[in-house]
Amino acid sequence: MFTKHPFDLGKNLVRSAALGAAMMSGGWLLSATAAAEELSVASFLPPQHHTNAVVFKWFGEELAKRSNGTLTLKLYPGGQLGAGPVQQYKRAVEGVADIVIGVASYTPELFPNTMLTIPPGKAANSKELAQRFLANYDKYFASEFAKVKFLGIGFPAGTSISATKDLSTLASLKGAKLVPYATTMAPLLETMGAVPVQMPVTDVYTGLSTGTIDGAIAAHNNMLAPWNWKDVTKYYIDNFPPQFQTVYFIMNRDRYRSLKPEHRAIIDALAGAEFTKVASASFHEADAKALAEMKKAASSSYRLVVVSDEERAKMDAAIAQGMKTIFAGYAARGRTNAQEVYEAINK
């Protein structure tokens, strides 16, 4: 069972600028000491992304420090060990990489309970949802990670809409072509009157620029590099009911078991609450930084619009109706405890 930790951002978590010099095109080593064990990390994200430059950097440094340099990481960013996020879980299970970062919503059939962390609930941000997830991990989520060694999880928060028109009211959402944060959230958009359009995050920029879509649920950092949605956004609507992505960090189970007991003990000490604390803080800080930069840079190129409390209440009521559709879908697939899981997360 995981031990709860306070979620303290800490000034040492986000050090992207200082880490840039440590990046190399073929990956980076986190210890100059000759390693008895080197663990490979497959990341589909670019080197500068905070999960690489902060989370994996922290993890590698901790492994090297606690093992006196006998356990290190080597990062392969940008899909060097396999392109795209869809096959990340498979790469971990099959040992293509020792450790991977993946997105649960790309393989929802593997993570039915974990998918219930995505809909809007009582958590307002990544840190809050991570606490709720860990509190319920043993009962509802551990079985979904039984084939791997679970390291940690993070929840990027989609609290806004990047759009080409003002979609800040329930009435304005009617008929709007909107990309959900995850495919399973389509029923929620439908209850608000929008038309869900399934599209990978890598295609949203083009979708907005060509008018294929009217908007997409966004995390604040989607507006900035490497996504740069700000370039094709006319309205950025904040205070939308938050949806979350579920970004997991896992390790090949056999590789973990093959390690020396002292190395496994180090990983055990860092996995779970500690790793999740760092990952969640990294996602939260990236969004806070992005929003601050957006407010400074907002100009005639796009407008920052905040959903009013009155309209937010209308949207929340529509979300509650949409959740009934999601629960019914689970029941039709033989899973009758979906509402129980969702309510446990949102006590």
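The values are calculated or read from the model by the stated rules, or taken from the named source; none is laboratory data. Quantities reported herein were computed from a predicted structural model and do not represent experimental measurements. Cβ: placed from backbone, ideal geometry, glycine included. Neighbour counts: every protein chain shown. Side chains are part of the model used for accessible areas, which takes the heavy atoms of the whole protein and leaves out ligands, DNA and RNA. Shrake-Rupley method; radii C 1.70, N 1.55, O 1.52, S 1.80 Å.
Only one residue in K65, K127 is open to solvent by 30 Å² or more (accessible area, probe 1.4 Å), at pLDDT 95 or above and among the basic types (K, R). Which one? Walk me through it before giving the result.
Details: K127 fails: at pLDDT 95 or above.
Going through K65, K127 in turn, just one is open to solvent by 30 Å² or more (accessible area, probe 1.4 Å), at pLDDT 95 or above and among the basic types (K, R): K65.
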Seminar exercise, completed: Across (1) of a type outside the set (D, E, K, R); (2) modelled with pLDDT of 95 or more; (3) closer than 20 Å to F275 by Cβ; (4) open to solvent by less than 40 Å² (accessible area, probe 1.4 Å), W28 clears everything bar (2)
Exercise. Among the residues of the stretch 184-231, which ones are on the phi > 0 side of the Ramachandran plot and touching a Gly at 6+ places or on another chain (Cβ under 8 Å)?
Worked result: G193
For this session: Looking only at the stretch 79-120, count how many residues are modelled with pLDDT under 95 and farther than 27 Å from Y342 by Cβ.
Result: 2
For this session: Sort out which residues of the stretch 313-335 are more than 26 Å from the chain's Cα centre (by Cα) and outside any helix (DSSP H, G or I), and write them in order of number.
Result: G334
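Residue-by-condition table, conditions (1) touching a Pro at 6+ places or on another chain (Cβ under 7 Å); (2) surrounded by fewer than 18 Cβ atoms within 10 Å (Cβ to Cβ); (3) under 19 Å from A163 (Cα atoms); (4) touching a residue at least 60 places away in the same chain (Cβ under 8 Å):
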| position | (1), (2), (3), (4) |
| --- | --- |
| F249 | no, no, no, yes |
| V278 | no, no, no, yes |
| M315 | yes, no, yes, yes |
| A331 | no, yes, no, no |
For this session: Would you confirm whether any residue within the stretch 84-105 is closer than 25 Å to K324 by Cα, touching a residue at least 12 places away in the same chain (Cβ under 8 Å) and either touching a helix residue (DSSP H, G or I) at 6+ places or on another chain (Cβ under 7 Å) or open to solvent by 20 Å² or more (accessible area, probe 1.4 Å) (or both)?
Result: yes
For this session: Please list, ordered by first then second residue, the pairs with beta carbon atoms under 9 Å, 6 or more apart or interchain, first in the stretch 187-201 and of a type in the set (D, E, K, R), second assigned to a helix (DSSP H, G or I) and open to solvent by 50 Å² or more (accessible area, probe 1.4 Å).
Result: E190/T325
Problem set entry | Which listed residue is in a loop (DSSP other than H, G, I, E, B) and either among the basic types (K, R) or at negative phi (or both), from F283, F240, F275, F249 | F240
For this session: Might you let me know whether the stretch 251-262 holds any residue that is open to solvent by 30 Å² or more (accessible area, probe 1.4 Å), more than 23 Å from P119 (Cβ to Cβ), in contact (Cβ under 8 Å) with a residue 24 or more places away in the chain and among the small types (G, A, S)?
Result: no
